[in-house]
1. Select from 157, 34, 103 the residue whose mean-square fluctuation is largest in a Gaussian network model of the chain (Cα-Cα springs shorter than 10 Å).
2. What residue among 70, 158, 101 has the largest mean-square fluctuation in a Gaussian network model of the chain, using Cα springs under 10 Å?
3. Determine ³J(HN,Hα), in whole Hz, for all residues of the range 133-139 in sequence, where each value follows from phi through the Karplus function 6.51 cos²θ - 1.76 cosθ + 1.60 and θ = phi - 60°; x replaces Gly and Pro.
4. For the chain, what is the calculated [θ] at 222 nm in deg cm²/dmol (nearest 500), taking -39500 (n - 2.57) for each run of four or more DSSP H residues and dividing by its residue count?
5. With the crude spin-label approximation of a point 7 Å out along Cα→Cβ, what separation in nm comes out for residue 144 versus residue 32?
6. Of 3, 88, 37, which is farthest on the positive side of the dipole of the chain, counting Cα position, with +1 on Lys and Arg Cβ, -1 on Asp and Glu Cβ, and the Cα centre as origin?
7. Rank 75, 97, 133 by mean-square fluctuation in a GNM of the chain with C-alpha springs under 10 angstrom and give only the top-ranked residue.
Amino acid sequence: MRIKILLALAWFPFIVLGQTNTQNPTVEEVNNLKQTIQATRSLTNELDVRVERMEERLKTVSKSLDEQLSVNQHLQEQLQTNLQTQAQNERAVNLALDEFSKKFEEQNKTVEGVKASLDAQLKQQLIYYTLALVVFVLVLLIAVRISTTKALKQQQKSWNEFNEYIIKRKQ
């Protein structure tokens, strides 16, 4: 038992010194852990603030995006309505142009018909005027010939009478 006590006393300083040495690193570790916990809490608080700001930004961006989507949808609806109106107007203009084209063609046909009719009337009138001129010239020639023949007969008669008068006087 003495040996046991001696061994225990021999080990006693090592145990005491070992505990003192082990207590200091433990306190340092606890202090380090406290500092790490405080740094972690500080970082966590900072990250929480950042997360809140990011969430606010996200809400703002989301709201802005929703508003922009709403505006875009409204603009798209207006564009669709405008395109439909433009298509209807284009159809109406095409129909009006088709009708105008038909009426224009009908007017051209009518004008061509009137022109052909007037050309025919003009040709007829020219033929009538030409015939009238020819008849007038013929009548004039006949009248001149008759007048000339009559004048010649009258002249001949007067000449014969003059010759008879001269001959009677000479006799």
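No lab work stands behind these numbers, since they all come straight from the coordinates. Keep in mind the model is a prediction, meaning the values are calculated, not measured. Glycine also receives a Cβ, built like all others from the backbone with ideal geometry; neighbour counts cover every protein chain displayed.
1. Comparing 157, 34, 103 in the GNM, the peak value goes to 157.
2. 158
3. Karplus-based 3J(HN,Hα) across the range 133-139 equals 5, 4, 4, 4, 4, 4, 4 Hz.
4. So the calculated ellipticity at 222 nm is -38500 deg cm²/dmol.
5. Going from the residue 144 label point to the residue 32 one covers 15.2 nm.
6. Farthest towards the positive end: 88.
7. Largest GNM mean-square fluctuation: 133.
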